[in-house]
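Some notes on the structure that comes next.
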Amino acid sequence: MFISLIGCGGADGFSTEAGSVEAATSALLNHNALNPNALNPNALNPNALDPNALDPSALALNRLQETSVGARILSSIRAPGELGALSRELLRYIVSCALNPSQSFRFSWHDEQGERHEESYPGHLGLAASWSHEPLSASREQWVSACVASRANLAGISVLISSRAAHAALRYPDRYEVEAYPREEGAFWGNLFSDPPRLYACYNELNVENSRAIGRECAAGHVGEEDDRATECPNIHIVGSCDRQCAELDGPGEYRTRCRNDRGEWSTAVVTTYLR
């Protein structure tokens, strides 16, 4: 059996083309099955996490609805040009992580030629579905943040990942997913909505080269041709090996239940990612 959704080339539905996925392995049926790291040709630019592009701390104060997000947020996502594009890109990923498939965020904006654009960003994982009618709690801020950070991609290429966590939406990957994506890339946590935003990552030492080889570098760090030192993705601080910074892998999907940053502060809202 196949499922076909207009406007959905992947689990989160950011593609502009129709796509079909086999139901047996579809993220449409299992919210954490094979979550795409990037769902358009440019992927998620980590620079979009910059609060100057979109101030998430202001967004967190209100319900996630056009009528209640506030003038500052609307100004960012309605802006024409590069700043507006970055803000909308970030917001699409935030909505995908926070809301469930029955929810969406809609708004309109005008480009530099005055043409009106109608936007509708679908939810997917449901890590903070209550955001549609109430402000985010501190815990939900952290879950959404971990999810967004896990999808950042310095290379700007589309890479399929398996996301696993103690959160009910990500706790039980199916057997196919576990077998197809056996290599732990690392883990992500922090708070995109704090001032300033603080996002963290760690890596599995055994799989660093595999991660870099397929274009995933926000946990492992990027190593250039002329420099052996690894550099971080913008706005995501790498704290080291997950084995040193986190609890042991736990649960049926093997995820990190808690990790600590370089200040020694622990977080239990952690998204662990796996690659082929």
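The values are calculated or read from the model by the stated rules, or taken from the named source; none is laboratory data. Just so you know, these numbers come straight off a predicted model, no measurement behind them. Quick reminder, even Gly has a Cβ in these numbers, built from the backbone with ideal geometry, and neighbours come from all protein chains shown. The accessibility values were calculated without ligands, DNA or RNA, using every heavy atom of the protein model including side chains. Shrake-Rupley method; radii C 1.70, N 1.55, O 1.52, S 1.80 Å.
So which residues in segment 229-244 are among the polar types (S, T, N, Q) and under 22 Å from PRO196 (Cα atoms), if there are any at all?
Correct list: THR231, ASN235.
What single numbered condition from (1) open to solvent by 30 Å² or more (accessible area, probe 1.4 Å); (2) over 20 Å from GLU141 (Cβ atoms); (3) modelled with pLDDT of 90 or more fails to hold for THR257?
Against the list (1) open to solvent by 30 Å² or more (accessible area, probe 1.4 Å); (2) over 20 Å from GLU141 (Cβ atoms); (3) modelled with pLDDT of 90 or more, THR257 comes up short only on (2).
What residue, among those in segment 162-187 that are surrounded by fewer than 24 Cβ atoms within 10 Å (Cβ to Cβ) and of a type in the set (A, V, I, L, M), is farthest from ALA213 (Cα to Cα)?
Once the filter is applied, the top-ranked residue is ALA168.
Which strands (runs of 3 or more DSSP E) sit wholly inside segment 162-226 and have at least 1 residues that are out of contact with any Gly (no Cβ under 7 Å at 6 or more places or on another chain)?
162-164, 183-191
Looking only at residues that are without any contact (Cβ under 8 Å) to a residue 60 or more places away in the chain and among the acidic types (Asp, Glu) in segment 205-237, which one is surrounded by the most Cβ atoms within 10 Å (Cβ to Cβ)?
Here the answer is GLU232.
Does GLY240 meet the test of being open to solvent by less than 40 Å² (accessible area, probe 1.4 Å) and in a loop (DSSP other than H, G, I, E, B)?
no
For CYS202, which of the numbered conditions (1) buried (at least 24 other Cβ atoms within 10 Å of the Cβ); (2) within 21 Å of SER104 (Cβ to Cβ); (3) of a type in the set (A, V, I, L, M, F, W, C) fails to hold?
Condition (2) is where CYS202 drops out.
Among the listed residues SER158, SER145, SER139, which satisfies the condition of being small (Gly, Ala, Ser) and assigned to a loop (DSSP other than H, G, I, E, B)?
SER158
ALA85 passes all but one of (1) closer than 24 Å to CYS233 by Cα; (2) at pLDDT 90 or above; (3) out of contact with any helix residue (DSSP H, G or I) (no Cβ under 8 Å at 6 or more places or on another chain); which number fails?
(2)
Of the residues HIS133, HIS117, HIS110, which single one is modelled with pLDDT under 90 and open to solvent by 20 Å² or more (accessible area, probe 1.4 Å)?
HIS133
If you take the residues in segment 231-254 that are touching a helix residue (DSSP H, G or I) at 6+ places or on another chain (Cβ under 7 Å) and under 18 Å from CYS147 (Cα atoms), which one is modelled with the lowest pLDDT?
GLY253
Within segment 221-276, which residues are among the acidic types (Asp, Glu) and either within 20 Å of the chain's Cα centre (by Cα) or under 16 Å from ASN204 (Cβ atoms) (or both)?
GLU232, ASP243, GLU248, ASP250, GLU254
Matching residues to (1) outside any helix (DSSP H, G or I); (2) over 17 Å from the mean Cα position of the chain (by Cα):
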{"position": "LEU54", "(1), (2)": "yes, no"}
{"position": "ARG63", "(1), (2)": "yes, yes"}
{"position": "VAL69", "(1), (2)": "yes, yes"}
{"position": "ALA79", "(1), (2)": "yes, yes"}
{"position": "GLU82", "(1), (2)": "no, yes"}
{"position": "ARG92", "(1), (2)": "no, no"}
{"position": "CYS97", "(1), (2)": "no, no"}
{"position": "SER102", "(1), (2)": "yes, yes"}
{"position": "PHE105", "(1), (2)": "yes, no"}
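Taking into account only those residues within segment 66-79 that are modelled with pLDDT of 80 or more and open to solvent by 60 Å² or more (accessible area, probe 1.4 Å), which is farthest from ASN191 (Cα to Cα)?
That would be ARG78.
Any residue in segment 102-118 that is in contact (Cβ under 8 Å) with a residue 60 or more places away in the chain and either β-branched (Val, Ile, Thr) or more than 17 Å from ASN62 (Cα to Cα) (or both)?
Within segment 102-118, not a single residue is in contact (Cβ under 8 Å) with a residue 60 or more places away in the chain and either β-branched (Val, Ile, Thr) or more than 17 Å from ASN62 (Cα to Cα) (or both).
(1) of a type in the set (A, V, I, L, M, F, W, C); (2) in contact (Cβ under 8 Å) with a residue 60 or more places away in the chain; (3) crowded, with 18+ Cβ neighbours inside 10 Å: which one isn't true of CYS246, the others all being true?
(2)
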